[in-house]
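Okay, structure first, notes after.
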Amino acid sequence: IADMRPGLSVTLVARGELGASLSAGARGHLRRACDRLGVTVLEHTEVAAVEAGRVRCADGTALASDATVWTAGFAVGPIAAAGGLDVTEDGRILVDRTMRSASHPDVYAVGDSVHAIGDNGRPLPMSCASAGYTGRQATEAIVARLTGREVPNAKLEYVGNHISLGRRDGILQMVDGEGRAKPTYMGGRKAARIKAGIVRMSLWGTAHPTFGVPKRKHRLAAPQAAAGTAAA
């Protein structure tokens, strides 16, 4: 917003430290970007309410606002829990390694709705990056089970975070196996170009959903007769 509309007065309110999960270098880059774009940053400030024409903070401070962008995080819709699937406290569907519901084996879940354990033993964060991995694993599992083949384990990992800072700047912060920021990061125009490329690839992939799908057809596996059932 500040990059595209430099005449606006933009304030960023952070409950904790700005860019707390980033490396020291990336945090410095983020602060310099906010200074360059004229963004006022209020750290360690909790928002109590968003009202017409203002944002009210927990300490009683009122910030005038003609438009407020709320970025409080992810939430899961209630449809899975309402449908009887086993879910976590925050509503994400519990699945096995192949993205199959723990309570309903004929149901597969992917993306932000799923509580999937990554290769590092930690739950994958809700993100577009995680969605890609869980989607591939579910696809592999469904095809394998329909065709009677062994189910392969696709990669389930989370490698980094990408922050856009306008059209010409950004931050690419890689993380380690524990989900912690690595000391090095990429910033500036190169990071912005990579982010733009990811967005373009996502849009293209949405428009071409079957790209990369093997053209060789698989024969469906014959269903096994139930135990004790005689064939006529």
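If eta is 1.567 mPa s and T is 4 °C, what Stokes-Einstein diffusion coefficient results for the stretch 132-174, Kirkwood Rh from Cα pairs, in µm²/s?
Estimated diffusion coefficient is 102 µm²/s.
For the chain, take the longest principal axis of its alpha carbons; what is the angle in degrees between that and the long axis of helix 128-146, to the nearest 10 within 0 to 90?
So the inclination is approximately 0 degrees.
Taking a quarter of the surface of the Cα convex hull of the stretch 159-214, what do you get in nm²?
Details: hull surface 20.5 nm².
Approximately 5.1 nm², given one-decimal rounding.
For the stretch 41-93 and the stretch 99-148, write down the distance between their C-alpha centroids in whole Å.
Rounded to whole Å, the Cα centres lie 27 Å apart.
List the residues, sorted by chain then number, that are 5 or more residues from GLU43 or on another chain and whose placed amide H is less than 5 Å from its amide H.
For GLU43, the qualifying residues are ALA14.
Within 10 Å, at most 14 other Cβ atoms, and a DSSP state outside H, G, I, E, B define an exposed site. Report the longest part of the chain free of exposed chymotrypsin sites (Phe, Trp or Tyr not before Pro).
75-210
Could you give the dipole magnitude of the stretch 28-100 about its Cα centre, charging the beta-carbon of Lys and Arg +1 and that of Asp and Glu -1, in debye to the nearest 20?
320
Just for the stretch 31-173, what percent of DSSP beta bridges are antiparallel, to the closest 5?
Numbers: 15 of 17 bridges.
Restricted to the stretch 31-173, the bridges split so that about 90 percent are antiparallel.
Based solely on C-alpha atoms, express the radius of gyration and the Dmax of the stretch 12-51 in angstrom.
Calculated on Cα positions, Rg and Dmax stand at 11.2, 36 Å.
Under the rule of at least 5 residues apart or a separate chain, name every residue whose amide H is placed under 5 Å from the amide H of ARG54.
SER65
Taking 2.2 N^0.38 Å as the expected size of a compact globular protein, what ratio does the Cα radius of gyration of the chain give against it, to two decimals?
Compactness ratio reported: 1.31.
Tell me, what is the per residue accessible area of the chain in Å², probe radius 1.4 Å?
67
List the trypsin sites (Lys or Arg not before Pro) within the stretch 57-124 that fall in a DSSP loop (any state other than H, G, I, E or B) and whose Cβ has at most 16 other Cβ atoms within 10 Å.
ARG97
Round to a whole angstrom and tell me the spacing of the C-alpha centers of the stretch 1-17 and the stretch 165-184.
Computed from Cα coordinates, the inter-centre distance equals 20 Å.
Taking Cα atoms, how many degrees apart are the long axis of helix 24-37 and the longest axis of the chain, rounded to 10 and kept between 0 and 90?
Tilt of helix 24-37: around 60 degrees.
When the gyration tensor of the stretch 77-171 is built from Cα positions, what are the square roots of 5 times its three eigenvalues, in whole Å, from largest to smallest?
Those come to 26, 18, 11 Å.
Choose one answer from LEU37, LEU94, LEU203: the residue with the largest mean-square fluctuation in a GNM of the chain with alpha-carbon springs under 10 Å.
LEU203
Compute the FRET efficiency between ALA67 and ARG167 as 1/(1 + (r/R0)^6), taking r as their Cβ-Cβ distance and R0 = 22 Å, and round to the nearest 0.05.
0.65
If you take the charge dipole of the stretch 89-209 about its Cα centre, with +1 on Lys and Arg Cβ and -1 on Asp and Glu Cβ, which of LEU124, PRO209, ALA192 is farthest toward its positive end?
Selected residue: ALA192.
Which GluC sites (Glu not before Pro) from the stretch 1-63 combine a DSSP loop assignment with at most 15 other Cβ atoms within 10 Å?
For GluC sites (Glu not before Pro) across the stretch 1-63 that sit outside H, G, I, E and B with at most 15 neighbouring Cβ atoms in 10 Å, the list reads GLU17, GLU43, GLU46.
Given the DSSP H assignment, sum -39500 (n - 2.57) over each helix run of at least 4 residues in the chain and divide by its residue total; what's the result at 222 nm in deg cm²/dmol, nearest 500? Before the final figure, lay out each step's value.
Values: 4 runs with 56 residues, N = 232.
The helix contribution divided over the chain gives -8000 deg cm²/dmol.
The values are calculated or read from the model by the stated rules, or taken from the named source; none is laboratory data. If you're wondering where the values come from, they're calculated on a predicted model, not measured in any experiment. Counting neighbours? That spans all protein chains shown, and the Cβs are built from the backbone with ideal geometry, glycine included. Surface areas here come from the heavy atoms of the whole protein model, side chains and all, with no ligands, DNA or RNA. Shrake-Rupley method; radii C 1.70, N 1.55, O 1.52, S 1.80 Å.
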